[in-house]
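Can you read through this structure? Questions will come right after.
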Amino acid sequence: MNIQQANTAIFFGTDTGNTEEVADKIIQLLNKQGHVINKHNIADADLEEFMTYDLIIFGIPTWDFGGIQEDWEELEDELGLLNLEHTKIAIYGLGDQFGYGDYFIDAVGWLYEKLRPTQAKIIGKWPSEGYEFEESRACIDNNKSEFCGLAIDEDQQFEQSDQRIEKWVLQIVNEFETL
Ligand SMILES: Cc1cc2nc3c(=O)[nH]c(=O)nc-3n(C[C@H](O)[C@H](O)[C@H](O)COP(=O)(O)O)c2cc1C
């Protein structure tokens, strides 16, 4: 399916606004390609609605030593029960690699694991080259060379964010259409 035909939404949670700012940048870039997408705060999300989308982009920051941003907690039990076999999902996460290098973007890994039973197709995996960290739950199966979603670090590498977001958006559009 062509991206312009896709019913797409972005759901994010945030405590201090960074994850929403990244959501807005992703939306702008997709809009430039003529693609309109729905923006939702996860705090107001209706889980059943997830099944109506062809592509969902989830944005989640990591808080408190590997924890998830608190608005995601409500979904914890139900998320894995959904059937998302016809949905493609891309995840991005906000974190701080120097401040929390043992837990860098752990919440992205949490979300990836939660989505596994839904059979959603996860796109948008991202190389970990260029980041400095010790451990990350977002490196699946102990593969330290790749995160299971885009990592954005507004605390330590904000100057790289725009370029990373632009590249990742092109990647997910391409993967949405071809994988
Ligand atoms: C008290 C505190 C705990 C944090 N814990 C982590 C963490 O465990 N792992 C991580 O990668 N980032 C951690 N961070 C960094 C945040 O994820 C980062 O600042 C992010 O941009 C916040 O996103 P938000 O503004 O959307 O809430 C922490 C920040 C603070 C202030």
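The values are calculated or read from the model by the stated rules, or taken from the named source; none is laboratory data. Keep in mind it's a predicted model, so treat the numbers as computed, not measured. Note that each Cβ is placed from the backbone with ideal geometry, even for glycine, and that neighbours are counted across all protein chains shown. Protein only, heavy atoms only, side chains kept; ligands, DNA and RNA dropped before computing areas. Shrake-Rupley method; radii C 1.70, N 1.55, O 1.52, S 1.80 Å.
State which residue pairs qualify: first residue on the phi > 0 side of the Ramachandran plot and touching a residue at least 24 places away in the same chain (Cβ under 8 Å) and inside region 104-123, second residue crowded, with 23+ Cβ neighbours inside 10 Å and of a type outside the set (A, V, I, L, M, F, W, C) in any location, beta carbons under 6 Å apart, and separation of 6 or more residues or different chains.
Cβ pairs passing all conditions: 105/62; 105/93; 105/95; 105/136.
Let me ask something else. Inspect region 109-128 for any residue being buried (at least 22 other Cβ atoms within 10 Å of the Cβ) and either farther than 30 Å from residue 49 by Cα or within 11 Å of the ligand (Cβ to nearest atom) (or both) and give the result as yes or no.
Yes.
To continue, here is another question. For region 7-19, give me the residue count where each residue is crowded, with 17+ Cβ neighbours inside 10 Å and not aliphatic (A, V, I, L, M).
7
Taking the stated definitions as given, is residue 161 polar (S, T, N, Q), within 15 Å of the ligand (Cβ to nearest atom) and part of a helix (DSSP H, G or I)?
Criteria met by residue 161.
Do the conditions hold for residue 100, that is, is it crowded, with 19+ Cβ neighbours inside 10 Å, over 22 Å from residue 51 (Cα atoms) and touching a residue at least 24 places away in the same chain (Cβ under 8 Å)?
yes
If you don't mind, there's one more thing I want to ask. If I ask for residues that are under 11 Å from residue 23 (Cβ atoms) and not charged (D, E, K, R), which ones from region 39-51 would you list?
40, 41, 42 - these are the residues of region 39-51 that are under 11 Å from residue 23 (Cβ atoms) and not charged (D, E, K, R).
Scanning region 59-92 for residues that are within 13 Å of the ligand (Cβ to nearest atom) and in contact (Cβ under 8 Å) with a residue 60 or more places away in the chain, which turns out most open to solvent (accessible area, probe 1.4 Å)?
Once the filter is applied, the top-ranked residue is 66.
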